[in-house]
Amino acid sequence: MGKTRVRFAPSPTGYLHVGSLRTALYNYLFAKKNGGDFILRIEDTDRSRYVEGAVEKVISSLEWAGLFYNEGVYATKIIGDDKKTVVQSITYPNTFEVGECGPYVQSERLELYKKYAEQLVKEGKAYYCFCEPERLEEMREKQQKDKKAPMYDRYCLQNMTEEQINEKLKENCPATIRLKVPRSEEIVFEDMVRGKVSFNTNNIDDQILLKSDGFPTYHLASVVDDHLMKITHVLRAEEWLPSTPKHILLYKAFGWDMPIFAHLPQLLSVDKKKLSKRMGDVAVEDYINKGYLKEAIVNFVALLGWNPGEGSVQEIFSMDELIEKFDLAKVHKAGAVFDIKKLDWINAQYIKKMSVDEIYQNALIYLKQKEFYKTWAQEKGAGDEKTKEEFVKKVLTIEKDRLAKFSEVGENNKFFFQEIEYDKELLRWKKNSDAETKQALETAIKVLEKISDADWTLKNLEEKLLEAAGEKRGDLLWPLRAALTGEQKSPSPFEVAWVLEKKETLSRIEQALKLF
C-alpha cells in the first residue's frame, strides 16, 4: 500500500472530546510506529453545527498534547521546513494549510464532491432524488407502523424518466443524490480491531451522497478525501462501524483501492454507559484547566482500550515508549471505562517525579486563584516575593507525594496559610486528661525551643521529637500535630513544623496551651 498515511478528521462543533483525543493519539502512534504520515483534516460540511473558534481549539489541544501532524490545518504559518507548501485557509482565516493534498478543510472541496457524485449518476451507480421532506416523513411513519426498518423506497429511481429528471434539474428543483445500493450482496471486510465483519446490503439504505444544498454527507466526503489524500488506514470510533459497508460500496463504485479499517472501542463511564457531556467533564480543556499534566492525560488516554499485553504490569509510559509498544492487535473490542480515579493516580505518579521548582511553576497559577492564598499573600506584603516563594515551595515539598492534580494544591493544607481554630477535644490523644495533654504540649515546646533556626531541618525535628516521645508516640505527637494544624488529618508534625519554621510553630503551640 506504500507509505502509511492516517488522518484525524474532527468536526468543528466545540471542544475536543477525550474520545476524540484517544482517536487522534492512536492515529499518531500508529503513524509514528510505522514511519508514516499523520494528517489533520477538518470535516465541516455540517455548517449548522459549526462553533466559532472550534478549529483553533482542536489545533491547540493537539499541539498541547504533543500530537504533531505532517499535513493539514495549522494555527501558525511557521511550520516545518521551507520546502513545504503553505497556504492561508479560506474558511478559517487564522489558520494555514500545509501539504500537497489540500485543501484540508471539507467546505473548501465542494466542487470535488459534486464532481464525483455526478460521475456516479452518469455511470448508473447513483440517482437524483426529488422527494420532499413531507413525503419522506410520511414514508418513514408508514414503515415504522408496519414494523419495517426505515429505508428509502426508491420512488424517484423507479418512477421518474430521464426526461422528467432533466426537466426538474433545469427548473432548479431541490434534489439530493443517492447511492444505488446493490441488493442481496454480502459486504465482508477485516477490521484490525474487530476481526471479520459482514453486512448484508438488504439492510443498507440508499444513502444520500450529496444534499440539496450542494454539501456532501459524511459518507461521500470522507471516502473521496481518504482516496485523494492517499489514506492507507482509517482508525476511527466504533460508532462509525455501521457506516463502513456504505463506504466500501462507494470504494467499489469508484473502482478505488480501500484503506484498512480499525474501529476503536467506545468510552464508557464507570456505570458502563456511553461517556457523554451530561455525565460531567469530557473535554480535553476541562482536564487541562484542572491541572492535569499533558503527559498524564496522554498516558491515561492511551490505556483506554489498549495495553501492551504479554503480562505487562507497566502503566506509566512516555510518548516514546507508547510509540514503541503500540499495536492495534492489542486494542480491545469491549468498551473502555473512563475512571477518573485512574487518571488521578497516573497524574500523581508524574507529579512525584517532578522537582519542587517544576511543581511550583505548575501549581502557582491555581494557588493564586484561591482566597486563602490571596489573603496570606497580601498579609505577607508584595515586596517579599522571594520569602513567599520559598515558603510555598516548602509546602509543595510536603504535598508532593499526596497531590493528584495541581488544582488541589493547598486545599487539604490551608492551615499553612491561615490562622487556625482550636478544638480542645481534638488536641486530646485518646482518653488522655487535660493535664496529660497540657504536659505533652509543654514538652514539645521545650524540645523545639532547644533547636536553633540553623538546625531546623526535617530530619533533625523528627529525630528530636521521636526521642522525646519514646514508646508512647501518640501522647506527644498527636497533640502537637493538632496544635499546628487544627485538623483531624494532616501531614506529620515534623513536616508541618519544618514548613512553619520555629517562630510560628512555637506560637501555635502556645495558643493551643491557652485552652488548658
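The values are calculated or read from the model by the stated rules, or taken from the named source; none is laboratory data. For clarity, every value in this text was computed on a predicted model and none was experimentally measured. All Cβ positions, even for glycine, are placed from backbone atoms using ideal geometry, and neighbour counts span all protein chains on display. Ligands, DNA and RNA are excluded from the accessible area calculation, which covers all protein heavy atoms including side chains. Shrake-Rupley method; radii C 1.70, N 1.55, O 1.52, S 1.80 Å.
Values for this structure:
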| quantity | calculated |
| --- | --- |
| Beta bridge orientation in segment 1-139: antiparallel %, DSSP, nearest 5 | 45 |
| Probe 1.4 Å - accessible area at residue 148, Å² to nearest ten | 130 |
| Separation of alpha-carbon centers, segment 331-352 and segment 458-516, rounded to whole Å | 37 |
| Relative contact order [Cα under 8 Å, 6+ residues apart], segment 354-425, whole percent | 46 |
| Percent RCO, i.e. relative contact order, over the chain, from Cα pairs under 8 Å lying at least 6 residues apart | 12 |
| Å² per residue, accessible surface of segment 1-154 at 1.4 Å | 50 |
| Span from the segment 1-49 Cα centroid across to the segment 385-420 one, whole angstrom | 40 |
| Shape category assigned to segment 101-245 from the gyration tensor of Cα positions, a/c cut at 1.5 | oblate |
| Sites residue 166 and residue 239 - FRET efficiency at Förster radius 51 Å, r taken between beta-carbons, to 0.05 | 0.85 |
| Tilt relative to the chain, helix 110-122 - C-alpha long axis, 0 to 90 degrees, to 10 | 40 |
| Antiparallel bridge percentage (DSSP; both residues within the chain; nearest 5) | 60 |
| Accessible heavy-atom area order of 257, 401, 286, highest first, probe of 1.4 Å | 257, 401, 286 |
| Per residue value of the accessible surface for segment 375-516 (all protein chains in place, 1.4 Å probe), Å² | 56 |
| Between 0 and 90°, nearest 10: helix 133-145 axis offset from the chain longest Cα axis | 80 |
| Cα gyration tensor shape for segment 331-454, rounded if a/c is under 1.5, else prolate or oblate | oblate |
| Carbon/sulfur fraction of accessible area - segment 284-375, other protein chains in place, 1.4 Å, % | 50 |
| Stretchable slack from residue 436 to residue 122, in nm (0.36 nm times residue separation minus alpha-carbon distance) | 103.2 nm |
| Potential lengthening between residue 159 and residue 332 on full extension [0.36 nm per residue; Cα-Cα distance subtracted] | 57.5 nm |
| Residue-normalised accessible area of segment 213-372, expressed per residue, 1.4 Å probe, Å² | 45 |
| Order by protection proxy (mean Cβ within 10 Å, highest first), peptides 258-266, 351-359 | 258-266, 351-359 |
| Length released on extending from residue 135 to residue 462, taking residue separation times 0.36 nm less the Cα-Cα span | 109.4 nm |
| Segment 122-247, accessible surface, carbon-and-sulfur percent (1.4 angstrom probe) | 48 |
| Solvent-accessible area of residue 507 with every protein chain in place, 1.4 Å probe, in Å² to the nearest 10 | 50 |
| Label point distance in nm, residue 260-residue 356, each placed 7 Å from Cα along Cα→Cβ | 5.1 |
| Pairwise FRET efficiency - residue 52 versus residue 489, Cβ, R0 = 51 Å, nearest 0.05 | 0.65 |
| Relative contact order (percent, whole number), segment 116-184, Cα cutoff 8 Å, 6+ residue spacing | 51 |
| Cα gyration tensor shape of the chain, rounded if a/c is under 1.5, else prolate or oblate by comparing a/b with b/c | prolate |
| Accessible surface of residue 114 - all protein chains present, 1.4 Å probe, nearest 10 Å² | 80 |
| Of all accessible heavy-atom area on segment 1-54, the percent that carbon and sulfur account for (1.4 Å) | 44 |
| Pairwise centroid distance, computed over Cα atoms, of segment 89-164 with segment 216-245, Å | 15 |
